[in-house]
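Undergrad: Would you mind keeping the following structure in view while I ask a few things?
The values are calculated or read from the model by the stated rules, or taken from the named source; none is laboratory data. Being a predicted model, the structure only gives us computed values, none of them experimental. Here the Cβ is made from the backbone with ideal geometry for all residues, glycine too, and neighbour counts use every protein chain on show. To get the accessible areas, we keep the full protein, side chains included, count just its heavy atoms, and leave off ligands, DNA and RNA. Shrake-Rupley method; radii C 1.70, N 1.55, O 1.52, S 1.80 Å.
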Amino acid sequence: MIIVMKPRASQEEIDKVENKLLSLGFKTHPIYGDVKTVIGAIGDKSRVDIEALSNLPGVEAIVPIMKPYKLVNRELKSSNSIVRIGDVEVGGNKLTIMAGPCAIEGYDQLLEVAKSVKQSGATILRGGAFKPRTSPYSFRGLEEEGLKILQHVSSETNMKSITEVVDTRDVELVCQYVDILQIGARNMQNFRLLSEVGKMDKPVLLKRGLSATIEEWLMAAEYILAAGNPNVILCERGIRTFETATRNTMDINAVVLVKQLSHLPVIADPSHGTGLWRLVHDVSLGLVAAGADGLMIEVHGDPANATSDGPQSLRPDKFDLLMKDLTALCSVLGKQFT
Ligand code: PEP
Ligand code: MN
């Protein structure tokens, strides 16, 4: 439930309400707005005398949250959340571009891509060091060596970095090297992993599961917030449908709907969403026009010889063209690149 405090409620009144909720076994999440403070309270409502609670000084109203996801729910927080990674912002009025190869293959490969995507306007460098592959015989990443390369190249190019973490045992290691932790589609419901990244002080990008409903996706985000980490970025990356002409079906509906249901920033990944580089440019424009807060795009210097996801990777020159069109689109939408 949400306890809405009166506009001029004092800090003492807010503290009293919070302490009361804590004593009743609730977890509390105060959100200080410009005008009002609201306190999100997660716990067993049946144990509370709602009447007595609403009579506490400073309380304006008590509103139940009907949906199973609470902390990510826009009913709890009406303003858009912004995730900050140093001077790079995700959400609000910004368009954030994450780009780089599917997998880190070596220092030279990553540096070449990083320099070019940075030049085109990307601010976050992506690259997989632990790759969740369908086949155990496919390239599964350079692991810690890959993390070191990513750290080196991102600092050399003055970019922020993101990489996927696939196992609870690697979370602390990955945190030492990168700015944002990525939870991949295949791990969206790995609840131990979600709780683990929820304990870290790094932002988390949570991809939608291959066959996850929007509610399941938001519940997965709820795990991360419930563990204490409010800095979650949602990423729609296409879902499984009957269609086989494309790798996945890019669910543009989800981008629009999730932004209505949740205050969290929502970005989209047209590379995995389509599986075909020839679709990435136009689908990207559609996603941004529909309100995506950013894009994650796979870029490779030599897609034909990429160790992973070459068919959906843009060459740097094609990525540059996309960034030019996104610049024009941004001015129509009143958005700015971050
Ligand atoms: C990736 O970003 O390279 C990746 C494996 O994505 P997803 O988890 O969406 O398949
Ligand atoms: Mn990939």
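Undergrad: Assuming 0.36 nm per residue, please report the length gained on full extension of the stretch Ser195 to Ala227 beyond their Cα-Cα distance.
TA: 11.0 nm
Undergrad: As an exercise, identify the chymotrypsin sites (Phe, Trp or Tyr not before Pro) in the range 88-151 lying in DSSP coil whose Cβ has no more than 11 other Cβ atoms within 10 Å. Provide the component values of the computation, followed by the final result.
TA: Working: sites: Tyr107, Phe130, Tyr137, Phe139; in loops: Phe130, Tyr137, Phe139.
Filter output for the range 88-151: Tyr137.
Undergrad: With +1 on each Lys and Arg Cβ and -1 on each Asp and Glu Cβ, how big is the dipole of the chain about its Cα centre, in debye rounded to the nearest 20?
TA: 500 debye
Undergrad: Quick one: how many Å² of Asp167 are accessible to a 1.4 Å probe, rounded to 10?
TA: Near enough 40 Å² of accessible area.
Undergrad: Mind checking which of Ile62, Ile252, Ile214 has the largest fluctuation in a GNM of the chain, springs on alpha carbons under 10 Å?
TA: Sorting by GNM fluctuation, first place goes to Ile62.
Undergrad: Also, I was wondering about something else. Name the GluC sites (Glu not before Pro) in the range 229-298 that are in a loop by DSSP and that have at most 16 other C-beta atoms within 10 Å, would you?
TA: Glu243
Undergrad: Over the chain, average the accessible area per residue using a 1.4 Å probe and give it in Å², no decimals.
TA: Accessible area per residue, the chain: 44 Å².
Undergrad: Hey, can you grab everything whose amide H is under 5 Å from the amide H of His263? Only 5+ residues off in sequence or another chain; H modelled, so Pro and N-termini drop out.
TA: The list, which skips near neighbours in sequence, is Arg74.
Undergrad: Express as a percent, rounded to the nearest 5, the fraction of DSSP beta bridges in the chain (both residues included) that run antiparallel.
TA: Restricted to the chain, the bridges split so that about 40 percent are antiparallel.
Undergrad: Now a separate question. Would you work out which of Leu173, Ser81, Gly301 lies farthest towards the positive end of the dipole of the chain? Charges go on Cβ: Lys and Arg +1, Asp and Glu -1.
TA: Ser81
Undergrad: Considering only DSSP states other than H, G, I, E and B, which GluC sites (Glu not before Pro) in the range 103-177 qualify as loop sites with at most 15 other Cβ atoms within 10 Å?
TA: Glu143
Undergrad: Further question: Cross-link list Lys160/Lys259; Lys36/Lys67; Lys148/Lys259; Lys199/Lys324; Lys20/Lys77: which exceed 31 angstrom alpha carbon to alpha carbon?
TA: Lys148/Lys259; Lys199/Lys324
Undergrad: Within the chain, what whole-number % of the accessible surface is contributed by carbon and sulfur, with the 1.4 Å probe and all protein chains included in the calculation?
TA: Reported share for carbon and sulfur atoms: 50 percent.
Undergrad: Hey, another quick one. Go ahead and set up a Gaussian network model of the chain, Cα springs under 10 Å, then flag whichever of Arg126, Arg208, Arg240 fluctuates most.
TA: Arg240
Undergrad: Once you order the gyration tensor axes a ≥ b ≥ c over the Cα atoms, which shape class does the range 83-337 get: rounded for a/c under 1.5, otherwise prolate or oblate by comparing a/b with b/c?
TA: Judged from the Cα gyration tensor, the range 83-337 comes out rounded (a/c under 1.5).
Undergrad: Rounded to the nearest 0.05, what FRET efficiency is calculated for Lys6 and Gln336 with R0 set to 35 Å and r the Cβ-Cβ distance?
TA: Calculated value: 0.45.
Undergrad: For every helix of n ≥ 4 consecutive DSSP H residues, a contribution of -39,500 (n - 2.57) applies; sum these over the chain, divide by its total residues, and give [θ] at 222 nm rounded to the nearest 500 deg cm²/dmol.
TA: On the way: 11 runs with 119 residues, N = 338.
Value at 222 nm, helices only, nearest 500: -10500 deg cm²/dmol.
Undergrad: Then there's this: Have a look at Gly58, Met200, Met98 and report the one farthest towards the positive end of the charge dipole of the chain, computed about the Cα centre with Cβ charges (Lys/Arg +1, Asp/Glu -1).
TA: Toward the positive end, the furthest listed residue is Gly58.
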